[in-house]
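We did not get these values from a lab; they are worked out from the coordinates using the rules stated. Just so we're clear, the structure is a prediction, and the values are computed from it rather than from any experiment. Here the Cβ is made from the backbone with ideal geometry for all residues, glycine too, and neighbour counts use every protein chain on show.
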Amino acid sequence: SSDLMQQAAALHILRRDLLTASLISLILATLASAWLAHRIAGRLRNIVDFSGRIASGDFTARIEENDSDEIGEVARALDATASRLEQSFRAVEAKQRELTALLDSMQEAVVAVNAAGQVSWSNAVMHRIAPGAARAGKSLVVSIRDPEILNCIDVALRERRIAMGRAISVVPGRAFEVSAAPTPDGGAVAVLHDVTEIERAEKSRRDFVANVSHELRTPLTSI
């Protein structure tokens, strides 16, 4: 009977120790799982924040993940993609600056519109002769009233072909040859070449020839 009581007491102690150990293990496992879940959630938040910065145009964003697990591999792949995007974006920016400098150095006025007829960009000469056309996103028909320019651009947009014209109401006293061509994105680009001085010179030449002819005809007629 005494042995049975001792065995029962030992069994009770063993069960209590097992229960205590199980509870401690459960608590430790729960804490470890919570810590691991929190860490993974933090790493995933970094990826989400990174994606948001990239979507907003910040190509300098990086995740900088050092772990070698699956999340770390994804993060490093995303960082490499972001680096390539940044390099491509810088190259595009450089080309755009070169194109802007080239267009601004031209003597002709240049304006581009999208498929809806809204101004996409224009060069410095166009800004000077028609300041309203410098406002990107604004409808060209509001900025420029000359019917020939609007007609040429309309033909280029609708019929997807080059259209030519002569504009005389953009700047009082000035005449422009207009050439509008469709662009691959569905829009159109128009170039305005100032021919005022050329036309004046041509008129002066015609007047001179007419005057000389008249002066020569008068004495010849008398003779």
> For the chain, what is the mean residue ellipticity at 222 nm derived from helices alone (per DSSP H run of n ≥ 4: -39500 (n - 2.57); sum divided by total residues; nearest 500 deg cm²/dmol)?
Replying inline: -22000 deg cm²/dmol
> Along region 20-25, what does the Karplus equation 6.51 cos²θ - 1.76 cosθ + 1.60 (θ = phi - 60°) give for ³J(HN,Hα), rounded to whole Hz, x for Gly and Pro?
Replying inline: 4, 5, 5, 5, 4, 4
> Assuming R0 = 30 Å, what is the FRET efficiency of Ser25 and Asp67, from their Cβ-Cβ distance, to the nearest 0.05?
Replying inline: 0.70
> What FRET efficiency would be calculated for the residue pair Thr183, Asp49, taking the C-beta separation as r and a Förster radius of 35 Å, to the nearest 0.05?
Replying inline: 0.40
>> Helix 196-222 against the longest principal axis of the chain: what's the angle in degrees, Cα atoms only, rounded to the nearest 10?
In response: 10 degrees
>> If each residue of separation counts as 0.36 nm, what is the full-extension length gain between Trp35 and Ala115 once their alpha-carbon separation is subtracted?
In response: 23.4 nm
> Separation of region 182-196 and region 80-146 by C-alpha centroid, Å?
Replying inline: 12 Å
> Quick one, which of (1) 1.00; (2) 1.57; (3) 0.95 is the actual Rg/Rh (Cα atoms, Kirkwood Rh) calculated for this model?
Replying inline: (2)
>> Give me the one-decimal nm value for the distance between modelled label points at Arg145 and Glu98, 7 Å along each residue's Cα-to-Cβ direction.
In response: 4.1 nm
> So what J values fall out for region 143-149 if you push phi through Karplus, 6.51 cos²θ - 1.76 cosθ + 1.60 with θ = phi - 60°, rounded to Hz, Gly and Pro as x?
Replying inline: 8, 10, 9, 5, x, 5, 5
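How big is the dipole moment of region 17-88 about its Cα centre under a simple scheme where the beta carbon of each Lys and Arg is +1, that of each Asp and Glu is -1, and everything else is neutral? Debye, nearest 20, please. Walk me through the numbers on the way to the answer.
Values: 7 positive and 11 negative charges, 38 e Å.
Using Cβ point charges on Lys, Arg, Asp and Glu, region 17-88 gives about 180 debye.
Please tell me the relative contact order of the chain in percent, rounded to the nearest whole number, where contacts are Cα pairs under 8 Å and at least six residues apart. Mind showing how you got there, number by number?
Working: 253 pairs, mean separation 24.3, N = 223.
After rounding, I find 11 percent.
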